[in-house]
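The values are calculated or read from the model by the stated rules, or taken from the named source; none is laboratory data. Just so we're clear, the structure is a prediction, and the values are computed from it rather than from any experiment. All Cβ positions, even for glycine, are placed from backbone atoms using ideal geometry, and neighbour counts span all protein chains on display. These accessible areas exclude ligands, DNA and RNA; they are computed on the full protein's heavy atoms, side chains included. Shrake-Rupley method; radii C 1.70, N 1.55, O 1.52, S 1.80 Å.
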Amino acid sequence: MGENKQFKRALIGAACTLAFAAAGTAHAANWLMLQGTEDPAAASRAEVWGFIQAKYEKDFSDPNAAGGFVPPKLLGPELDSQDGFNINRARIGVRGTGFPLDSRINYFVLLEMGNNGITHDGGAFAKLTDASVTLNHIPGARVRAGLFKTPGAEEGLQAIHVFDYINFTEVTNALLLERFPNKNWTEAAGSNAATGNVGPFTEAQLQSGASLNTFDSPIGAFRDVGVQVFDAFDVGNNWEVSYAAMIGNGNGIEFSNSDGEYDTYLYLSAEKKFGGKGPKAEGLKFFAWGQKGSRLLDKTDDSTANLVSYDRDRAGVGVKYMKKPFRATVEYIAADGMIFVGPDKPNFYFTNNTAHGNGADAEASGWYAEGGWYIPNTKFELDARFDTYTSLEDRVNQFRFDKWTLGMQYHFNPKTRITLNYEIRDFECDSGKAPCTSAGALTPDYNLKGVGNKVGLQLTAIF
Amino acid sequence: MLKFFRSTLLAISSLLFISVATPALSADHSLADYKYVLHISDMDPSKQELILNNARNLLDAYPPGDVEVEIVAYGPGLRLMFAENVNAQRIDSLSQSGVRFTACGNTLKGMAKLLGEEPKLNAAATVVPGGIVRIGELVKQGYIYVKP
């Protein structure tokens, strides 16, 4: 895909979305406004809030014939076991208007203390995930500056404490939940010449200290540090059109712009509001987004530092319907460059030959469809989701991750719920050519075919 | 005969007086059976919704004309009557249903000093010199005082 194609595709998608919306049909929650603004003349000076998510998960995957495991078969962020309990999120934040008489300025701060890719990979006990100030002085052009969620895919932009599943879709996990190349990992030349990446590791190796997660930076967490201009407009007949344009470091929740280049983001949505307010507002929302950036990566398997700048472009379109008792979401996401595959580099590690390609300059795409049914007059909700992700598209080592997630939620009250998920996973190398068709350890399927199902139980408490 | 004309004239004059003076009477000499003054001076945003809910519930609980409601705001609670307040539509609706919204002039002056300009109020709001004084007057007139 050409350099600007992703962005153009996003813009065209957005235009189509708005055109379709304007033509007469289409609210779900407006995350731009919910996260970036406060209710005028009705916000607290400092509202303390947060949530805790505790979970148990068990992965039923089998190791490869040599007993080796790859990351999709183990539980993160440690990637050293297949079952266990975790406090995967524990966040506390403050938001409001510091000077409540002036509704034109509001702020948002959130701290993560759970055990996940934000804290584990950064080696921190706690990590700031949000710290932003919004200036609402210019009609139609609110300005939000600081660290916050970037305008993008619904699955990433939505508030995680109201996310209806335990794990993200494979496409969102791989393409949007950014892993930054390990800058400090100096692999001895030739130590892993086949992959330029670590693993697979056996259980004994993992228990002896081998690590499948060697990232040294926190995951991007769908966030960036920068400035965003945005607003939402009531265009009549309960329709709301929103936009956001942002420029950021392109370094996730880290406060630096190490490559000297900036990421740019664009988001457009049109929503028909049905009623309600907050994260569970009802409506039909069409949205499109795109982002452009670049990353530095040393992908050669030697002990010499030779960083190369690779484009990292993402784009997507989607629609979300929410009107109790039903909910439905469909999203398509495409990516060009810096396709994450490996445990320490956006690299290629499912086979034994680097000649088969590398994620740094590859393309990938995927989509998902999900729905929920709030069983009337009960506290139960049933959820189902299918997602598919094709990575290293059109390359001989192209692979596809398909996943079904069946879920049930029990809402003790609007702030506390328990989520049960069963994931049925089918991961395979599907190019139809070697190495996908190769035998034994020469094929990526040597590692991928053992990926099995996964079950999880998660308790969420919001305060 | 003259007595009849005098009585008729007196009756008509009284009716005219009553009809002209009705707006003032509704505030000070209401004929409603139940009269409530609802007081908001809190910063807490949830109190804003609560007090509007109270007003709506009172209107719904009695036959039309049997209840009179006045919301008096001062201190941080005056934000409820800011023109930009997120509940402005509900305030308009309640106002049209007869609920009176009264804003404290002293608070307004103080806010103007802090902000450098006087905050714009909802058109439904009537400014009185002092919110606390207004509450006292209404209680003296027999209003039931409620602070949610």
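Data overview
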{"item": "Residue match in the range A:431-447 (condition: touching a helix residue (DSSP H, G or I) at 6+ places or on another chain (Cβ under 9 Å) and part of a strand (DSSP E or B))", "result": "no"}
{"item": "Single residue of the range A:94-115 satisfying the filter (open to solvent by less than 20 Å² (accessible area, probe 1.4 Å) and under 18 Å from the mean Cα position of the chain (by Cα)) that is nearest to the other protein chains (Cβ to nearest Cβ)", "result": "A:LEU110"}
{"item": "Residues of the range A:257-274 classified as under 25 Å from A:SER217 (Cα atoms) and of a type outside the set (Asp, Glu), total", "result": "6"}
{"item": "Residue tally, condition open to solvent by less than 20 Å² (accessible area, probe 1.4 Å) and more than 14 Å from chain A (Cβ to nearest Cβ), over the range B:39-66", "result": "2"}
{"item": "Sole exception among (1) among the β-branched types (Val, Ile, Thr); (2) within 14 Å of another protein chain (Cβ to nearest Cβ); (3) surrounded by 16 or more Cβ atoms within 10 Å (Cβ to Cβ) for A:VAL48, by number", "result": "(3)"}
{"item": "Hits in the range A:362-414 (condition: within 23 Å of the chain's Cα centre (by Cα), basic (Lys, Arg) and closer than 27 Å to A:PHE51 by Cβ)", "result": "A:ARG385, A:LYS403"}
{"item": "Candidates A:GLY123, A:GLY98, A:GLY114, filtered to the one that is out of contact with any Leu (no Cβ under 9 Å at 6 or more places or on another chain) and on the phi > 0 side of the Ramachandran plot", "result": "A:GLY123"}
{"item": "Tally of residues being β-branched (Val, Ile, Thr) and out of contact with any helix residue (DSSP H, G or I) (no Cβ under 8 Å at 6 or more places or on another chain) across the range A:320-338", "result": "1"}
{"item": "Residue count for the range A:116-135, restricted to those that are of a type outside the set (Gly, Ala, Ser), surrounded by 19 or more Cβ atoms within 10 Å (Cβ to Cβ) and more than 23 Å from A:THR214 (Cβ to Cβ)", "result": "2"}
{"item": "Matching residues, the range B:71-97, being surrounded by fewer than 16 Cβ atoms within 10 Å (Cβ to Cβ) and more than 10 Å from chain A (Cβ to nearest Cβ)", "result": "B:GLN89, B:ASP92, B:SER93, B:GLN96, B:SER97"}
{"item": "Check on A:ASN88, within 14 Å of chain B (Cβ to nearest Cβ), of a type outside the set (Gly, Ala, Ser) and in contact with a Gly (Cβ under 7 Å, 6 or more places away or on another chain)", "result": "no"}
{"item": "Residue in the range A:353-361 that is surrounded by fewer than 16 Cβ atoms within 10 Å (Cβ to Cβ), in a helix (DSSP H, G or I) and of a type in the set (A, V, I, L, M) present", "result": "yes"}
{"item": "Residues that are modelled with pLDDT under 85 and open to solvent by 70 Å² or more (accessible area, probe 1.4 Å), drawn from the range A:257-309", "result": "A:SER258, A:SER303, A:THR304, A:ALA305, A:LEU307"}
{"item": "Count - residues of the range A:410-453 that are more than 19 Å from A:GLY199 (Cβ to Cβ) and of a type outside the set (Gly, Ala, Ser)", "result": "21"}
{"item": "Within the range A:202-256, considering residues that are among the aromatic types (Phe, Trp, Tyr) and open to solvent by 40 Å² or more (accessible area, probe 1.4 Å), the one farthest from A:TRP289 (Cα to Cα)", "result": "A:PHE255"}
{"item": "Output for the range A:430-458, where each listed residue is of a type in the set (A, V, I, L, M, F, W, C), touching a strand residue (DSSP E or B) at 6+ places or on another chain (Cβ under 9 Å) and either more than 24 Å from A:ASP83 (Cα to Cα) or open to solvent by less than 50 Å² (accessible area, probe 1.4 Å) (or both)", "result": "A:CYS436, A:LEU448, A:VAL451, A:VAL455"}
{"item": "Residue check, A:PHE427 open to solvent by 50 Å² or more (accessible area, probe 1.4 Å) and closer than 30 Å to A:GLN53 by Cβ", "result": "no"}
{"item": "Scope the range B:98-129; condition more than 13 Å from chain A (Cβ to nearest Cβ), part of a loop (DSSP other than H, G, I, E, B) and surrounded by 15 or more Cβ atoms within 10 Å (Cβ to Cβ); matching residues", "result": "B:GLY98, B:VAL99, B:ALA124"}
